[in-house]
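The values are calculated or read from the model by the stated rules, or taken from the named source; none is laboratory data. These numbers were taken from a predicted model, which means no experiment stands behind them. Here the Cβ positions follow ideal geometry from the backbone for every residue, glycine too, while neighbour counts run over all protein chains shown. Calculation scope for accessible area: heavy atoms of the full protein, side chains included, ligands and nucleic acids excluded. Shrake-Rupley method; radii C 1.70, N 1.55, O 1.52, S 1.80 Å.
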Number of protein chains: 2
Amino acid sequence: MLRSHTCGELRITDVSETVTLCGWVQRRRDLGSMSFVDLRDRYGITQLSFNEDFDGDLLEKARSVSREFVISVTGKVTERSNKNPNLPTGDIELVVEKLDILNPSLTPPFTIEDDTDGGEEIRLKYRYLDIRRTPVKDKLVTRHETNKAVRDYLNNAGFIEVETPYLIKSTPEGARDFVVPSRLNENQFYALPQSPQTFKQLLMVSGLDRYYQIVKCFRDEDFRSDRQPEFTQIDCEMTFVERQDVLSTFEEMIRGVFTSVINHDLGEIPVMTYADAIRNYGSDKPDLRFGMRFNYMEDVAKGKGFGIFDNSESVIGITVSGGNQLTRKQIDAITNYVKRPQIGAKGLIYCRVNEDGSYKSSVDKFFDQDALKQWAEVCEANAGDIIFVLSGDLNSTQKQMNELRLHLGDLMELRNPNEFKACWVVDFPLLEWDEETNRYHAMHHPFTSPILEDLDLINSDPGAIRANAYDMAINGMEIGGGSIRIHDKGLQQKMFDLLGFTPDEAREQFGFLMNAFEYGAPPHGGIAFGFDRLCAILSGTDSIRDVIAFPKNNMGRDIMIDAPAEINEHQRRELSL
Amino acid sequence: MLRSHTCGELRITDVSETVTLCGWVQRRRDLGSMSFVDLRDRYGITQLSFNEDFDGDLLEKARSVSREFVISVTGKVTERSNKNPNLPTGDIELVVEKLDILNPSLTPPFTIEDDTDGGEEIRLKYRYLDIRRTPVKDKLVTRHETNKAVRDYLNNAGFIEVETPYLIKSTPEGARDFVVPSRLNENQFYALPQSPQTFKQLLMVSGLDRYYQIVKCFRDEDFRSDRQPEFTQIDCEMTFVERQDVLSTFEEMIRGVFTSVINHDLGEIPVMTYADAIRNYGSDKPDLRFGMRFNYMEDVAKGKGFGIFDNSESVIGITVSGGNQLTRKQIDAITNYVKRPQIGAKGLIYCRVNEDGSYKSSVDKFFDQDALKQWAEVCEANAGDIIFVLSGDLNSTQKQMNELRLHLGDLMELRNPNEFKACWVVDFPLLEWDEETNRYHAMHHPFTSPILEDLDLINSDPGAIRANAYDMAINGMEIGGGSIRIHDKGLQQKMFDLLGFTPDEAREQFGFLMNAFEYGAPPHGGIAFGFDRLCAILSGTDSIRDVIAFPKNNMGRDIMIDAPAEINEHQRRELSL
């Protein structure tokens, strides 16, 4: 090794040892006849000292090094007179006896400090320099530790990792595939997997019992702010299980990951039905770090002559604890927020609960103090609170109220990134109606098992059939989802019928899986977690881009390596393109 | 869980417990008023017993299940009168009280037994059934354990896993890329990585210090017997290291893997120069499970009037210990073997050393007993041995002799798959001359550092420059290779010059890496292991296909899912294809 120690490891107990360190120059300070250099590597920073009295030539050489030079130094560990309690190595410094410049550096295009002056584009272009910054590096280390914690748990629980292929077959259903032209099979294409779903089910048919894989998946979508064309999944499947077995297994995994990576006890993870989640929060991934549950106010809001409420299917109110402190201006801003076309509310009604117990609403003309008292009772509002009310058809009002609730959570600083609230959401609808194609689509995927007691609705009211499916949400973000699968080919056939697959279409797309199910498919179920999202939550960041070493931008471009790019004529010819 | 225990876990100590098992019917034996079913899952086999006296209806139901049916049974663990010492569960059986058929099965297209009657094509098409066979399943479990052992070692050694991108940029040099058309960037393509080489070097520039990844790589080659278009690498890189550091680190890793996966001590791994490997074995990946080192016989073979030797640059002999037992017929077959066009020897000379110390050669006309005694001395041959001799130009003779040596190793059963001999080969040539393009190519890749003391040959004799590169071979197979990299951009520029890259070409292909090297690139080096190959060796199989869950055939086709395949018009249009 070119070094005897790392830059993060020397302590007061090492004083008077002669050591060699290598690293990058974080900064240099010149003070009269002395210079100090902070030397940085992945493990920390160690102060180097150079003194004219000790070696004038060396001091001069030290003064030739600038930020981000790579140097090697040998010297004696010495107790610092001026200790730095913020640095693990802050009790010592290295009095340098030998300095080698291993590589010089141009001045970086942005400062390599925790707070940098570089914009996002330039930092992506020079990602290898951005990773030198501690907050960026730490997220990659957290990702590594999360990966390790997941594997440790699954290995101990008897799961075995199996690598499934990346060059598979395109299935036109669902999201768009990336395809790969085959040179040896002219005019044919592989597709990159959107998930290993069918392969993991085949592995259950093969008897491997418990499978996992931390695996890249690919989706050619129109990129939104926080999507990446390639992303990583923790993909798992188990045999001879019922839903509760899957929930217990992966609740324990996620709790274990939080404990081992950030030393946080998630506690027991509550289970909520999809119906309750929508009813109480208007979302299938409710943020449970704060309350503001929905209150259905039709009984106390309708029939008082206020036409907007009277003509609405639903009237929903939420109470902001201590919200009476909101100013008129703030309430106007909130009203404008929900009236934005993306949310689409027609307006926002509020009712303040004053300290003296009186009420002040924006619809006082229609609702007297007694009527507003009823509101407060339904909405469990107390003195100092404010109630916000939206109305309209049930579905839209729930959606709008979800947006308002999250916005108010932000405004009231109730969404603390260092607090974590997870929940399971279960009993999703099996099917969703697609207006465009005028048929049902599988809400998860066509192999999701219905809840068997709902099966008699299959002809009368298929939309009401619940799926034996489950999602896990943390802090309002979906981080995982899965289901018990259909293992019976008769039931699978019924599902394909419902989804409007002709037998030919079903055979063409899923023939090998349907074939496999003829040869003793066991009951099985599984789950997949968004690994990038999980790492983002554990790193306290909103963006998955922060936890990906070399992310792509919103156009799916890697601006560091400048990909995608044109290929040459020879390549095109070979691929018949 | 649908079961209380697995089929591999019940023991005599569990007798009289009531348990529930799930699994596949391995076989059923009917004996008068009784039936026995072997129930199989990933963990083992448990015998189920059904008895007419105990429950006639149940016996009848049991007799309706066939091979590969999935069933669930509840019953009492009972000591067997007829114990099976070959089965961990062989002391007990389950007297079944309840039987549920979870899924029936068609008769499988081949028998699900350790020795199957299925050919390779049918087993690939029904791979999910083939994996039910213990020898196939065991290899996937070994792969999982190897993966875990590698990670455990590297995690402990301070390496962090970083995922590098799969959608990168095509580089026309080297093997052929698989490309991925970009929909959002018309007429542009991503490429799938042949290895994460440049990304891991960028991670070293970023200061991550020690990186690893177990990662899929892709090469669009014309498939030979044991190549796969997608394969898995253990990819590693370290900062501030010299060659010996890399060798020590990964020697320890490989030894640890052998210990933990197959409980085998590899011992210290010898280091051999490329020059010695070629001189002594004619191969840069010598199989050291057996001797038969090359002996250079020019001094004792030339000048005796045998024209073939006299006109040859080299005369090489190897001694087969105990080889005098080979019959004339066997020697003829060996001679035909080396004369095949793939090997291309003109003929094969032999010399038997008889028990009485006399010699009998195929060229007795030219060489008397004294001359042959000299042969025996040079070749260290003793009574009972045989010497085989090839001659010609040095390079070809070494190659032919390597083939002969391996063939004789097989013939004499010296290549035992349960014995393991590893070695490092170092000091590879930096460059190889390509007759076709009339220029030098990098033997490893353009970032490989030369051995610095050879640098003064750069103008006079570049072909003689040694690379600071190393390979690891086990049992004659290359399983890993790497190098110390060039971190100095001046030296890198010289390399590109030598390789005939114009500055524009170099910038276009490696511009981002050359840019990165301007900003403080540290000395670094690394290695990559072929994970499939390593797993194959540990599993005692010759073919990497055996250790891949869903391999492709020789035409790069996945015949189970029938990929690649045509894509539809809509997809082509969206991709402008």
Report task. Inspect the stretch A:383-395 for any residue being more than 30 Å from A:Gly256 (Cα to Cα), surrounded by 15 or more Cβ atoms within 10 Å (Cβ to Cβ) and of a type in the set (S, T, N, Q) and give the result as yes or no. Result -> yes
Query raised in the report: Hey, B:Arg67 hits all of (1) in contact with a strand residue (DSSP E or B) (Cβ under 8 Å, 6 or more places away or on another chain); (2) more than 14 Å from every other protein chain (Cβ to nearest Cβ); (3) part of a loop (DSSP other than H, G, I, E, B) but one; which does it fall short on?
Result: (2)
Requested in this report: Just give me the residues in the stretch B:19-34 being in contact with a Leu (Cβ under 8 Å, 6 or more places away or on another chain) and surrounded by fewer than 22 Cβ atoms within 10 Å (Cβ to Cβ), in sequence order.
Outcome: B:Val19, B:Thr20, B:Gln26, B:Ser33, B:Met34
Report task. Restrict the check to the stretch A:263-282 and report whether at least one residue is part of a helix (DSSP H, G or I), within 14 Å of chain B (Cβ to nearest Cβ) and open to solvent by 10 Å² or more (accessible area, probe 1.4 Å). Result -> no
Query raised in the report: With the stretch A:114-208 as the region, which helices (runs of 4 or more DSSP H) entirely inside it contain at least 1 residues that are polar (S, T, N, Q) and without any contact (Cβ under 8 Å) to a residue 12 or more places away in the chain?
Result: A:134-156
Query raised in the report: Looking at the stretch A:155-203, which of its residues are acidic (Asp, Glu) and facing chain B (nearest Cβ under 7 Å)?
Result: A:Glu161, A:Glu163
Query raised in the report: Counting only residues that are open to solvent by less than 10 Å² (accessible area, probe 1.4 Å), within 24 Å of A:Cys22 (Cβ to Cβ) and not in a loop (DSSP other than H, G, I, E, B), how many does the stretch B:508-542 have?
Result: 6
Query raised in the report: When B:Gly500 is evaluated against the numbered criteria (1) surrounded by fewer than 20 Cβ atoms within 10 Å (Cβ to Cβ); (2) within 11 Å of chain A (Cβ to nearest Cβ); (3) in contact with a Ser or Thr (Cβ under 9 Å, 6 or more places away or on another chain), which criterion, by number, is the only one it fails?
Result: (2)
Report task. Could you check, for the stretch B:555-567, whether at least one of its residues is within 14 Å of chain A (Cβ to nearest Cβ), within 25 Å of B:Phe428 (Cα to Cα) and free of Cβ contacts under 8 Å to residues at least 60 places away in the same chain? Result -> no
Requested in this report: Identify all residues within the stretch B:477-507 that are assigned to a helix (DSSP H, G or I) and charged (D, E, K, R); write none if there are none.
Outcome: B:Lys489, B:Lys494, B:Asp497, B:Asp504, B:Glu505, B:Arg507
**Report entry** Filter pass, B:Asp546 being within 30 Å of A:Arg572 (Cα to Cα) and either part of a strand (DSSP E or B) or open to solvent by 30 Å² or more (accessible area, probe 1.4 Å) (or both)
**Finding:** no
Query raised in the report: Being open to solvent by 60 Å² or more (accessible area, probe 1.4 Å), over 24 Å from B:Gly174 (Cβ atoms) and in a helix (DSSP H, G or I), is that true of even one residue in the stretch B:418-433?
Result: no
Query raised in the report: Quick one: how many residues across the stretch A:163-176 are modelled with pLDDT of 95 or more and out of contact with any helix residue (DSSP H, G or I) (no Cβ under 6 Å at 6 or more places or on another chain)?
Result: 5
Report task. Scan B:Asn156, B:Asn103 and give me the residue that is buried (at least 16 other Cβ atoms within 10 Å of the Cβ) and not aliphatic (A, V, I, L, M). Result -> B:Asn103
Query raised in the report: Looking at (1) open to solvent by 60 Å² or more (accessible area, probe 1.4 Å); (2) of a type in the set (A, V, I, L, M, F, W, C); (3) assigned by TED's automatic domain parsing to the domain that holds B:Ile262, can you tell me which one B:Leu411 breaks?
Result: (3)
Requested in this report: Output yes when any residue across the stretch B:445-455 is in the same structural domain as B:Phe510 (by TED's automatic domain parsing), touching a helix residue (DSSP H, G or I) at 6+ places or on another chain (Cβ under 6 Å) and at pLDDT below 90, and no when none is.
Outcome: yes
Report task. Determine the pairs where a residue that is modelled with pLDDT of 80 or more, located within the stretch B:488-511, has a partner that is in a helix (DSSP H, G or I) and open to solvent by 80 Å² or more (accessible area, probe 1.4 Å) with Cβ atoms under 6 Å apart, the partner being 6 or more residues away or on another chain. Result -> none
Report task. Could you tell me which residue of the stretch A:1-59 is farthest from the chain's Cα centre (by Cα), considering only residues that are assigned to a loop (DSSP other than H, G, I, E, B), under 21 Å from A:Pro85 (Cα atoms) and more than 12 Å from chain B (Cβ to nearest Cβ)? Result -> A:Ser16
**Report entry** Qualifying residues in the stretch A:106-125 (those that are within 21 Å of A:Leu48 (Cα to Cα) and not β-branched (Val, Ile, Thr)) - the one most open to solvent (accessible area, probe 1.4 Å)
**Finding:** A:Asp114
Query raised in the report: Restricting attention to the stretch A:114-131, which residues are away from every other protein chain (no Cβ under 13 Å), over 13 Å from A:Asp562 (Cα atoms) and not small (Gly, Ala, Ser)?
Result: A:Asp114, A:Asp115, A:Thr116, A:Asp117, A:Glu120
Query raised in the report: Across the stretch A:171-214, what is the total count of residues that are surrounded by fewer than 24 Cβ atoms within 10 Å (Cβ to Cβ), under 27 Å from the mean Cα position of the chain (by Cα) and of a type in the set (Ser, Thr, Tyr)?
Result: 3
Requested in this report: Identify the residue in the stretch A:137-153 that is of a type in the set (Val, Ile, Thr) and surrounded by fewer than 21 Cβ atoms within 10 Å (Cβ to Cβ) and, among all such residues, is farthest from the other protein chains (Cβ to nearest Cβ).
Outcome: A:Thr142
Query - Near pairs, Cβ below 6 angstrom, 6+ apart or cross-chain, from the stretch B:30-56 (in the same structural domain as B:Val19 (by TED's automatic domain parsing)) to any residue that is of a type in the set (Phe, Trp, Tyr) - result: B:Ser35/B:Phe50; B:Arg40/B:Trp24; B:Gln47/B:Phe36; B:Ser49/B:Phe36
Query raised in the report: Which of the residues belonging to the stretch B:348-362 are among the small types (Gly, Ala, Ser) and surrounded by 13 or more Cβ atoms within 10 Å (Cβ to Cβ)?
Result: B:Ser361, B:Ser362
